[in-house]
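Peer 1: I am attaching a structure below and will ask some questions about it afterwards.
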Amino acid sequence: MSKMRATVFHGKDEIRVEEVPRPRAGVGEAVIRVTLTTICGTDLHIVRGEYPVKPGLVIGHEPVGIIEELGAGVTGYSIGDRVLVGAITPCGQCRGCLSGHVSQCGHGEGYEALGGWRFGNTINGAQAEYLLVPYAQANLAKIPAELNDEQVVLLADIASTGFSGAESGGIKIGDAVVVFAQGPIGLCATAGAKLMGAALIIGVDGDDSRLKMSKRMGADVVLDYRECDPIAEVKKLTGDGADVAIEALGTQQTFESALRCLRPGGTLSSLGVYSGKLQMPYDAFAAGLGDHRIVTTLCPGGKERMRRLMEVVRRGRVDFTPLLTHRFSLEQIAEGYRLFGERADGVLKVAIKP
Ligand SMILES: NC(=O)c1ccc[n+]([C@@H]2O[C@H](COP(=O)([O-])OP(=O)(O)OC[C@H]3O[C@@H](n4cnc5c(N)ncnc54)[C@H](O)[C@@H]3O)[C@@H](O)[C@H]2O)c1
Ligand SMILES: [Zn+2]
Ligand SMILES: [Zn+2]
């Protein structure tokens, strides 16, 4: 029983499910038996060699599981408790965490950019039979008995991220909101905009099944960028421009379009991960004098965030299970990566059951 099966990154385009040592819980840590996980777009970046992690690392950062072992000092939990753990695992002690910037956790001291993202990045991740949870006291969120694994697995990352795009954008009741890209992240941002009281939500994408899902997640109008100019359409629909534009792809084009859709004084809430240079043409933001706000957010984590998200689901405010379009066992995960990576067969998110 000292071994487990896990998805190990060996280098570009090389992941294998293999036997690795099973983790043991040290002081302040816990081990959970993973009952459900999924694959994130960021895992694709890792496997394609676009985001560096060290070979030999177990990847994945979206765990639902059952507590198997509790380290010394972790209180208020029992072996056998069902828990959700966020993709971001803040220490809860550093200046970053205690200032409310849990994703920029400084590992016990100040701040560190992305420091709260540990699973499948700096420590072994969730696409495995067992997972070591650091700072367990701050990160194990008990799952209410009424909720099943599929209802909560997407809260660990994409729902927390998508909602944060709406929250950081400061959406007010009655706002007009446009969301660029309706991939899993953008769809959750659309659902977040709806929850926050937007009066008009416009979803932009170029994929038929995603545009359809956009309406299901709360969009009033969907725009297919293959068939229209989204900026002109948003201006037409809103008059002055959107109050809040959410960017959920991470390209120059969508960033710039989001900026050009804003009314003066509007907010661009950016979720995408960019590479290279991002340019801001002066005319797109009134030469810097338009009172625009541009904000960025990394997925919020920690057990309180997870508790709140589970409440939203438990109270029936939102249901993300339609986004889980395909199911695989851990042994079949390579097939899950292929399907998800190719966006084949109308896939949105794949459930992986170890
Ligand atoms: N901020 C965070 O914490 C965080 C967390 C996870 C992922 N991300 C990032 O969020 C982004 C989106 O992730 P995802 O998993 O939803 O991506 P995805 O690749 O699954 O979806 C992207 C969508 O963009 C659409 N698209 C392509 N070109 C477009 C255009 N010009 N206009 C509008 N839509 C267009 C595609 O049709 C697709 O539906 C990525 O950059 C990802 O790395 C950020
Ligand atoms: Zn992720
Ligand atoms: Zn911290």
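Peer 1: Of the conditions (1) outside any strand (DSSP E or B); (2) more than 13 Å from ligand 2 (Cβ to nearest atom), H45 clears all except one; give me its number.
Peer 2: (2)
Peer 1: Further, regarding this structure: Among the candidates V177, V152, which residue alone is in contact with a helix residue (DSSP H, G or I) (Cβ under 9 Å, 6 or more places away or on another chain), more than 10 Å from ligand 1 (Cβ to nearest atom), modelled with pLDDT of 95 or more and over 28 Å from V83 (Cβ atoms)?
Peer 2: Numbers: V152 fails: over 28 Å from V83 (Cβ atoms).
Selected residue: V177, the only one of V177, V152 that is in contact with a helix residue (DSSP H, G or I) (Cβ under 9 Å, 6 or more places away or on another chain), more than 10 Å from ligand 1 (Cβ to nearest atom), modelled with pLDDT of 95 or more and over 28 Å from V83 (Cβ atoms).
Peer 1: Can you tell me which residue among L348, L339, L309 is surrounded by 20 or more Cβ atoms within 10 Å (Cβ to Cβ), more than 20 Å from I32 (Cβ to Cβ) and touching a residue at least 12 places away in the same chain (Cβ under 8 Å)? If you could, list the steps in order and put the result at the bottom.
Peer 2: Working: L339 fails: surrounded by 20 or more Cβ atoms within 10 Å (Cβ to Cβ); L309 fails: more than 20 Å from I32 (Cβ to Cβ).
The match here is L348.
Peer 1: Another question about this same structure. So which strands (runs of 3 or more DSSP E) are wholly in region 247-354 and hold at least 2 residues that are under 19 Å from E62 (Cβ atoms) and in contact with a strand residue (DSSP E or B) (Cβ under 8 Å, 6 or more places away or on another chain)? Steps first, please.
Peer 2: Working: elements: 262-270, 293-296, 324-329, 349-353.
Result: 324-329, 349-353.
Peer 1: Given the criterion in contact (Cβ under 8 Å) with a residue 40 or more places away in the chain and part of a strand (DSSP E or B), identify the matching residue among V31, V53. It would help to see each step written out before you state the result.
Peer 2: Details: V53 fails: part of a strand (DSSP E or B).
Step by step, each of V31, V53 is checked, and only V31 is in contact (Cβ under 8 Å) with a residue 40 or more places away in the chain and part of a strand (DSSP E or B).
Peer 1: To continue, here is another question. What residue, among those in region 288-338 that are among the small types (G, A, S) and under 21 Å from G86 (Cα atoms), is farthest from the chain's Cα centre (by Cα)? Show your work before the answer.
Peer 2: Here is the first cut: in region 288-338, the ones among the small types (G, A, S) are 288, 290, 301-302, 316, 329, 334, 336.
Now restrict to residues that are under 21 Å from G86 (Cα atoms): 301-302, 316.
On the way: G301: 10, G302: 13, G316: 20 Å.
My answer is G316.
Peer 1: Kindly indicate whether E62 is part of a loop (DSSP other than H, G, I, E, B), acidic (D, E), buried (at least 21 other Cβ atoms within 10 Å of the Cβ) and more than 16 Å from ligand 3 (Cβ to nearest atom). Show your work before the answer.
Peer 2: On the way: part of a loop (DSSP other than H, G, I, E, B): yes; acidic (D, E): yes; buried (at least 21 other Cβ atoms within 10 Å of the Cβ): yes; more than 16 Å from ligand 3 (Cβ to nearest atom): yes.
Considered against the rule, which asks whether it is part of a loop (DSSP other than H, G, I, E, B), acidic (D, E), buried (at least 21 other Cβ atoms within 10 Å of the Cβ) and more than 16 Å from ligand 3 (Cβ to nearest atom), E62 comes out as yes.
Peer 1: Quick one: what pairs do we get from region 281-292, first residue touching a residue at least 24 places away in the same chain (Cβ under 8 Å), second surrounded by 10 or more Cβ atoms within 10 Å (Cβ to Cβ) and assigned to a loop (DSSP other than H, G, I, E, B), C-beta under 6 Å, 6+ apart or different chains?
Peer 2: Listed by first residue and then by second, the contacts come to F285/H292.
Peer 1: Pick out the one residue from C97, C91 that is in a loop (DSSP other than H, G, I, E, B) and either over 16 Å from the mean Cα position of the chain (by Cα) or without any contact (Cβ under 8 Å) to a residue 60 or more places away in the chain (or both). Talk me through it step by step, then tell me what you get.
Peer 2: Numbers: C97 fails: in a loop (DSSP other than H, G, I, E, B).
Result of the check over C97, C91: C91.
The values are calculated or read from the model by the stated rules, or taken from the named source; none is laboratory data. No experiment lies behind these values; they were computed from the predicted model shown. We place every Cβ from the backbone using ideal geometry, glycine too, and count neighbours over all the protein chains shown.
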